[in-house]
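Worksheet: one structure, shown below.
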Amino acid sequence: MIRKIVHIGNPALRQVADPVDIDKISSDEIQGLIDDLIETMRDANGAGLAATQIAVPKRICVIEVNKNPRYSYKPDIPLTVLINPEVTFLTDERINVYEGCLSVPNMRGKVDRCPEILIEGYDRDGQDISFISRGISAGTFQHELDHLDGLIYTDRMSDASSLSTLDEFAEHFEDEFKQQVINIVDSYGS
Ligand code: ZN
């Protein structure tokens, strides 16, 4: 079922989400929620969606990038369901990249992200997962995990002057940013 995505200003986006009881991952409630997150993300052409964005305060998010029309420059990420995810930064380096968010319609802004991270958590079968993500994709994961702590990318912007509407971003900054993405993918592999 496609759920309503709440927008910046909605208090649901500011809630710190509750961990999911591991014994309940296989329940109809949690499996149905995961299915809804995937369907809603795909319907909105999102690169990811966190449960807080549909006003459900549980630590679940989904990520998928497959030739995304909202983010033509993003490297693909296979569908990933994360339950109770934790992130560890593996480098002090930072990349400064444009992000957008389904909960902040029609906007882009630049955020510092760690380009090499370890993500640990559970998948939808309740199995442990642990993997390293790099480059632009690492930023995508950090963006979704932030939602589970009530954070929006605009909170992470060190310079609010980079905030643009989609049209202005496309006209003034997208070409330069696409080149930056190519350089990041060259450096980090994704
Ligand atoms: Zn978002």
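The values are calculated or read from the model by the stated rules, or taken from the named source; none is laboratory data. As the structure is a computational prediction, the values presented were derived from the model and not from experiment. Cβ sites come from the backbone with ideal geometry, for glycine too, and all protein chains shown count toward neighbours. Heads up: the accessible areas ignore ligands, DNA and RNA and are worked out on the full protein's heavy atoms, side chains in. Shrake-Rupley method; radii C 1.70, N 1.55, O 1.52, S 1.80 Å.
Quick one: angle between helix 174-188 and the longest Cα principal axis of the chain, in degrees between 0 and 90, rounded to 10, please.
Long axis of 174-188 versus the principal axis of the chain: about 70 degrees.
Normalising by the residue count of region 13-85, find the relative contact order in percent from Cα pairs under 8 Å and 6+ residues apart.
Details: 110 pairs, mean separation 21.8, N = 73.
Across region 13-85, relative contact order equals 30 percent.
Compute the long axis of helix 28-43 from its Cα atoms, compare it with the longest principal axis of the Cα atoms of the chain, and write down the angle in degrees, 0 to 90, nearest 10.
Helix 28-43 sits roughly 20 degrees off the main axis of the chain.
What percent does the relative contact order of the chain come to when contacts are Cα pairs within less than 8 Å and at least six residues apart?
Details: 388 pairs, mean separation 42.0, N = 190.
About 22 percent, as a whole number.
Roughly how many debye, to the nearest 20, is the charge dipole of region 1-70 about its Cα centre, given +1 on each Lys and Arg Cβ, -1 on each Asp and Glu Cβ, and no other charges?
Values: 9 positive and 10 negative charges, 87 e Å.
Computed about the Cα centre, the dipole is about 420 debye.
How big is the charge dipole of region 11-188 about its Cα centre, in debye rounded to the nearest 20, if each Lys and Arg gets +1 on its Cβ and each Asp and Glu gets -1 on its Cβ? All intermediate terms of the calculation are to be shown ahead of the outcome.
On the way: 16 positive and 33 negative charges, 52 e Å.
Rounded to the nearest 20 debye, it is 240 debye.
Any chance you could run the full-extension gain for I2 through D28? It's 0.36 nm times the residue separation minus the Cα-Cα distance, nm to one decimal. Intermediate values should be presented prior to the final figure.
Working: separation 26, 0.36 × 26 = 9.36 nm, distance 1.65 nm.
Gain in length upon complete extension: 7.7 nm.
Of all accessible surface on the chain at a 1.4 Å probe, what whole percent is carbon and sulfur? All intermediate terms of the calculation are to be shown ahead of the outcome.
Details: 4260 of 9080 Å².
Ligands and nucleic acids excluded, carbon and sulfur give 47 percent.
Could I have the simple spin-label model distance between N10 and E120, label points 7 Å from Cα toward Cβ, reported in nm to one decimal?
The modelled label-to-label distance comes out at 3.3 nm.
May I ask for log10 I(q)/I(0) of region 122-190 at q = 0.16, 0.21, 0.23 Å⁻¹, from a Debye sum over the Cα atoms as equal point scatterers with solvent left out?
Values returned for q = 0.16, 0.21, 0.23 Å⁻¹ are -0.79, -1.12, -1.19.
May I ask for the angle, rounded to the nearest 10°, between helix 135-148 and the longest principal axis of the chain, with both axes built from Cα atoms and the value confined to 0 to 90°?
Between the helix axis and the principal axis of the chain, the angle is about 50 degrees.
Taking the solvent-accessible surface of protein heavy atoms with a 1.4 Å probe, what is the per residue accessible area of region 11-188 in Å²?
Accessible area per residue, region 11-188: 46 Å².
Roughly speaking, what is the centre-to-centre gap between region 148-164 and region 33-85 when only Cα atoms are used, to the nearest Å?
Each part reduced to its Cα centre gives a spacing of 19 Å.
Remind me, what semi-axes does the chain give for its equivalent ellipsoid, largest first in whole Å, using sqrt of 5 times each Cα gyration tensor eigenvalue?
Working: eigenvalues 135, 70, 44 Å².
Value: 26, 19, 15 Å, ordered largest first.
At 0.36 nm per residue, and after removing the present C-alpha to C-alpha distance, how many nm does the segment from D128 to D21 gain when stretched out fully? Before the final figure, lay out the partial values.
Details: separation 107, 0.36 × 107 = 38.52 nm, distance 1.37 nm.
So the chain would gain 37.1 nm between D128 and D21.
What is the list of residues in region 142-170 whose amide nitrogen lies under 20 Å from a point 7 angstrom out from the Cα of L90, following Cα to Cβ?
From region 142-170, the list is 142-146.
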